[in-house]
Amino acid sequence: MTRPIKFGSAGFIFIMCLSLLLAGCQSSPTTYTLTGRVISKQPADQQLIIDNDDIPGFMPAMTMPYAVKDPDGFGRVQPADLIRANVIKGPAGNFWLEHLAVIGKGTARSSGEGTASQVLMIGDKVPDVPMVNQDGKTIRFSDFKEETVLLTFVYTRCPFPDYCPLLTRQFANIQKELAKNPDDYKKTHFISISLDPKYDKPAVLREYGLSNMDHDPNGFGHWDFVSTTPADLLKLTAGFGLSYSEQDGQISHSMNTILLAADGTVANMWPGNEWKTSEVLDVMRHAATANK
């Protein structure tokens, strides 16, 4: 005859601890090995954009942004370096790099290769290049002499939610807030500059703009979506310290959002994508008030 097994409180605690331990093991991070080439480096966000080789079980070869949790390794690597690193995939699906090592040196493939350009600082005048907007009209920064202009760089095919789509959503939110005060609204203007002028023609830019303005074409009176020539795009990206490269229709780039004063000079800059709409809105409202 078998006897039922009785568990005291100690046995119950042991089983509970064992269950939690097993559950923890099931949700522990997974490690993969990455090799690839660094396209660009974004210190403000502790991110690298990497043209990675195939990572079996994780993702195919592609160009991707990666968060880095290795401060020393991040400090060592530079654009064009060939690297090896551990990709750590957390239980929530997020991932990051650790244990970065440089395994070779390459030649930079930046669009600005061979071109020396001065990075613009606060108070510097912006190159007044011609740009073609969503209506096929040529505009320049000098067309907005009485307005403060908020500008950034995006491209309509960007597949990363935290890059161009995020910047565009933030612009849309700021536009809605500014519209609540007609005086602020008429003293400000937005410009989104395409990093993909070969694809982002006026019709494409118009559809992209409408999709981010509740399909209200009146919004174009306050927000232009533009492209320019590759040479003029290079002047602007180099001036604002952006790096970008193109491969198979996908563009890897750093980010910068810039506020121009009414006289066409740089008034403020917000690198990366972690700035808050409330902060930019406050600065814009102050600039608009000072411009009255």
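Can we say Asp248 is out of contact with any strand residue (DSSP E or B) (no Cβ under 6 Å at 6 or more places or on another chain), open to solvent by 20 Å² or more (accessible area, probe 1.4 Å) and more than 19 Å from Tyr163 (Cα to Cα)?
Working: out of contact with any strand residue (DSSP E or B) (no Cβ under 6 Å at 6 or more places or on another chain): yes; open to solvent by 20 Å² or more (accessible area, probe 1.4 Å): yes; more than 19 Å from Tyr163 (Cα to Cα): no.
Here the answer is no, as Asp248 does not meet what is asked.
Any chance you could count how many residues in region 116-154 are hydrophobic (A, V, I, L, M, F, W, C) and open to solvent by 60 Å² or more (accessible area, probe 1.4 Å)? Can you show your working first?
Going residue by residue through region 116-154, those that are hydrophobic (A, V, I, L, M, F, W, C) are 116, 119-122, 126, 129, 131-132, 139, 141, 144, 149-151, 153-154.
Next cut, open to solvent by 60 Å² or more (accessible area, probe 1.4 Å) only: 116, 119, 121-122.
Qualifying residue count, region 116-154: 4.
For region 79-87, does any single residue satisfy the condition of being open to solvent by 50 Å² or more (accessible area, probe 1.4 Å) and farther than 22 Å from Gly241 by Cα?
Let us first name the residues in region 79-87 that are open to solvent by 50 Å² or more (accessible area, probe 1.4 Å), namely 79, 82, 84.
The next check asks that each one be farther than 22 Å from Gly241 by Cα; those that pass are 82, 84.
Checking region 79-87: at least one residue is open to solvent by 50 Å² or more (accessible area, probe 1.4 Å) and farther than 22 Å from Gly241 by Cα.
What's the total number of residues in region 263-285 that are farther than 25 Å from His253 by Cα and either hydroxyl-bearing (Ser, Thr, Tyr) or open to solvent by 20 Å² or more (accessible area, probe 1.4 Å) (or both)?
So in region 263-285, the residues farther than 25 Å from His253 by Cα come out as 263, 282-285.
So of that shortlist, the ones also either hydroxyl-bearing (Ser, Thr, Tyr) or open to solvent by 20 Å² or more (accessible area, probe 1.4 Å) (or both) come out as 263, 282-283, 285.
Total meeting the criteria: 4.
Of everything in region 43-68, what is in contact with an Asp or Glu (Cβ under 7 Å, 6 or more places away or on another chain), exposed (fewer than 15 other Cβ atoms within 10 Å of the Cβ) and either touching a residue at least 60 places away in the same chain (Cβ under 8 Å) or not aliphatic (A, V, I, L, M) (or both)? Give them in sequence order. Can you show your working first?
Of region 43-68, the ones in contact with an Asp or Glu (Cβ under 7 Å, 6 or more places away or on another chain) are 45, 60-61, 63.
Pick out the ones that are also exposed (fewer than 15 other Cβ atoms within 10 Å of the Cβ) and you get 60-61.
Once the filter is applied, which keeps residues that are in contact with an Asp or Glu (Cβ under 7 Å, 6 or more places away or on another chain), exposed (fewer than 15 other Cβ atoms within 10 Å of the Cβ) and either touching a residue at least 60 places away in the same chain (Cβ under 8 Å) or not aliphatic (A, V, I, L, M) (or both), region 43-68 yields only Pro60.
Give just the number: which of (1) open to solvent by 10 Å² or more (accessible area, probe 1.4 Å); (2) in contact (Cβ under 8 Å) with a residue 60 or more places away in the chain does Ser40 not satisfy?
(1)
Among what's in region 228-245 and is of a type in the set (Ser, Thr, Tyr) and under 21 Å from Val149 (Cα atoms), pick the residue that is surrounded by the fewest Cβ atoms within 10 Å (Cβ to Cβ).
So in region 228-245, the residues of a type in the set (Ser, Thr, Tyr) come out as 228-229, 237, 243-245.
Right, trim to under 21 Å from Val149 (Cα atoms) and you get 228-229, 237.
On the way: Thr228: 18, Thr229: 13, Thr237: 22.
Of everything passing the filter in region 228-245, Thr229 is surrounded by the fewest Cβ atoms within 10 Å (Cβ to Cβ).
Any residue in region 151-172 that is at pLDDT 95 or above, farther than 23 Å from Leu242 by Cβ and either part of a loop (DSSP other than H, G, I, E, B) or in contact with a Lys or Arg (Cβ under 6 Å, 6 or more places away or on another chain) (or both)?
Scanning region 151-172, I find no residue that is at pLDDT 95 or above, farther than 23 Å from Leu242 by Cβ and either part of a loop (DSSP other than H, G, I, E, B) or in contact with a Lys or Arg (Cβ under 6 Å, 6 or more places away or on another chain) (or both), so the answer is no.
Name the one entry in Asp128, Asp143, Asp135 that is in contact with a Pro (Cβ under 7 Å, 6 or more places away or on another chain), at pLDDT 95 or above and not polar (S, T, N, Q).
Working: Asp128 fails: in contact with a Pro (Cβ under 7 Å, 6 or more places away or on another chain); Asp143 fails: in contact with a Pro (Cβ under 7 Å, 6 or more places away or on another chain).
Criteria check complete, one pass: Asp135.
Name the one entry in Gly114, Gly104 that is at pLDDT below 90 and in a strand (DSSP E or B). Give the steps one after another, and end with the answer.
Working: Gly114 fails: in a strand (DSSP E or B).
Just one listed residue meets the conditions, Gly104.
Scan region 199-227 for residues that are of a type in the set (A, V, I, L, M, F, W, C) and open to solvent by less than 10 Å² (accessible area, probe 1.4 Å) and jot them down. Please lay out each step first, then the result.
The initial filter retains those residues of region 199-227 that are of a type in the set (A, V, I, L, M, F, W, C), namely 203-205, 210, 213, 220, 223, 225-226.
Within region 199-227, Leu205, Trp223, Phe225, Val226 meet the criteria.
The rows are residues; the columns are (1) more than 18 Å from the chain's Cα centre (by Cα); (2) charged (D, E, K, R).
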site: Asp216; (1), (2): yes, yes
site: Ala231; (1), (2): yes, no
site: Gly239; (1), (2): no, no
site: Ser254; (1), (2): no, no
site: Leu259; (1), (2): no, no
site: Asp263; (1), (2): yes, yes
site: Gly272; (1), (2): no, no
site: Ala290; (1), (2): yes, no
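Look through region 178-234, keep the residues that are of a type in the set (Phe, Trp, Tyr) and in a helix (DSSP H, G or I), and return whichever of them is farthest from Val126 (Cα to Cα). Steps first, answer last, please.
To start, the set of residues in region 178-234 that are of a type in the set (Phe, Trp, Tyr) comprises 185, 190, 199, 208, 220, 223, 225.
The next check asks that each one be in a helix (DSSP H, G or I); those that pass are 185, 208, 220.
Details: Tyr185: 22, Tyr208: 26, Phe220: 22 Å.
Among residues in region 178-234 that are of a type in the set (Phe, Trp, Tyr) and in a helix (DSSP H, G or I), the one farthest from Val126 (Cα to Cα) is Tyr208.
The values are calculated or read from the model by the stated rules, or taken from the named source; none is laboratory data. Model, not experiment: these values are computed from the prediction. Cβ coordinates were reconstructed from backbone atoms using ideal geometry, including for glycine residues, and neighbour counts include every protein chain displayed. When the accessible area is computed, the model is the full protein with side chains, heavy atoms only, and any ligands, DNA or RNA have been set aside. Shrake-Rupley method; radii C 1.70, N 1.55, O 1.52, S 1.80 Å.
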